[in-house]
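Shown next, in structure tokens, is the structure this report addresses.
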């Protein structure tokens, strides 16, 4: 007798909705745990890159010292910018950034405009190219990319066309100008150093010069107004004295100009501007008209933050990167004692202390 074939039943395996939701929740939790670690690793890499940039800038300053017998000058003031025809030291109106270009493998930028009359069309073309050509080592990767940024330069006594340019090269680092009471070529009222109204007016009447440590215009840092600092001038020791560090900047002004107020003074011009808050910062001086807290290093934070243009600072948490006059790079805590910070900014106060 024929027995009919019995069809085997296949069991269907699969996830229930509850099981699927549990798996999704577990994956989401793992991503949530992993993401901060990834972000932390990326920031650590950016911070290391920032240190490397400072190391390169510090080496550029030291190589400049070897070649010129003095550290780069801070230039004249914000009414002047870099000029390839005016050499090094006190004669160069532009910034320390510009002075070290030949020593950080950027000789081609330093040569733009060389041998040309400052009033000629070719010089203007060369100057324009200089002011829009970014240098990657001038920027902290945690803050912003190397590219031209909007600016409000104000009146220039030479190369006035820069005023009308929509964007110029900037930098995220500042030279140490000590605990000086006057910390920009063009400050507020009586704080202004003498600047010529044009190249033709140089020497009439005269540059601001003082050797009196008690005078308001006396400079205690290593890079400042028409400076020419030599190792012997750094009496407290090169390993105990700041050279260049990160500067405070409000995140509101990373990409655009802040709408007026003192908060934009520390980043409203450009990397090639002479002695100015864009490229110089200071430590607290007890006789300053500003408050001690105004000079304290700080992490970047939103808001105009008057007068943030005085202080060192960075986008990093915990502290900023600072290169010393011996070329070593250190981390300076935002909680550093204000007096210790001052001692390391002042090159000759007889107070040789270590960072932090």
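The values are calculated or read from the model by the stated rules, or taken from the named source; none is laboratory data. If you're wondering where the values come from, they're calculated on a predicted model, not measured in any experiment. All Cβ positions, even for glycine, are placed from backbone atoms using ideal geometry, and neighbour counts span all protein chains on display.
Can we say residue 215 is surrounded by fewer than 24 Cβ atoms within 10 Å (Cβ to Cβ) and free of Cβ contacts under 8 Å to residues at least 12 places away in the same chain? In short, yes. With respect to residue 278, is the statement that it is farther than 20 Å from residue 221 by Cα and surrounded by 14 or more Cβ atoms within 10 Å (Cβ to Cβ) true? The answer is no for residue 278. Among the residues of this structure, residue 74 does not count as one that is under 20 Å from residue 176 (Cα atoms), out of contact with any helix residue (DSSP H, G or I) (no Cβ under 7 Å at 6 or more places or on another chain) and not in a helix (DSSP H, G or I). Across segment 182-191, the qualifying residues are those that are without any contact (Cβ under 8 Å) to a residue 24 or more places away in the chain and in a loop (DSSP other than H, G, I, E, B), and the one among them that is surrounded by the most Cβ atoms within 10 Å (Cβ to Cβ) is 187. Residues in segment 244-293 that are outside any loop (DSSP other than H, G, I, E, B), over 12 Å from the mean Cα position of the chain (by Cα) and either in contact (Cβ under 8 Å) with a residue 24 or more places away in the chain or under 22 Å from residue 225 (Cα atoms) (or both): 6 in all. How many of the residues making up segment 321-335 are crowded, with 18+ Cβ neighbours inside 10 Å, touching a helix residue (DSSP H, G or I) at 6+ places or on another chain (Cβ under 9 Å) and either free of Cβ contacts under 8 Å to residues at least 12 places away in the same chain or not in a loop (DSSP other than H, G, I, E, B) (or both)? The number of residues fulfilling the criteria is 6.
Within segment 15-38, being in a helix (DSSP H, G or I) and loosely packed, with under 10 Cβ neighbours inside 10 Å holds for 17, 18, 32, 33, 36, 37. For segment 299-314, the set of residues classified as in contact with a strand residue (DSSP E or B) (Cβ under 7 Å, 6 or more places away or on another chain) and surrounded by 17 or more Cβ atoms within 10 Å (Cβ to Cβ) consists of 300, 310, 311, 312, 313, 314, listed by residue number. Taking the criterion of being modelled with pLDDT of 95 or more and either over 21 Å from residue 343 (Cβ atoms) or assigned to a strand (DSSP E or B) (or both), the residues of segment 301-316 that qualify are 312, 313, 314, 315, 316. If you go through segment 107-133 and pick out every residue that is under 25 Å from the mean Cα position of the chain (by Cα), in a loop (DSSP other than H, G, I, E, B) and surrounded by fewer than 18 Cβ atoms within 10 Å (Cβ to Cβ), you end up with 2. Within segment 156-181, being part of a loop (DSSP other than H, G, I, E, B) and free of Cβ contacts under 8 Å to residues at least 40 places away in the same chain holds for 165, 166. Among the residues in segment 232-239, are any in contact with a helix residue (DSSP H, G or I) (Cβ under 8 Å, 6 or more places away or on another chain), over 19 Å from residue 290 (Cβ atoms) and either modelled with pLDDT of 95 or more or surrounded by 24 or more Cβ atoms within 10 Å (Cβ to Cβ) (or both)? Scanning segment 232-239 turns up at least one residue that is in contact with a helix residue (DSSP H, G or I) (Cβ under 8 Å, 6 or more places away or on another chain), over 19 Å from residue 290 (Cβ atoms) and either modelled with pLDDT of 95 or more or surrounded by 24 or more Cβ atoms within 10 Å (Cβ to Cβ) (or both).
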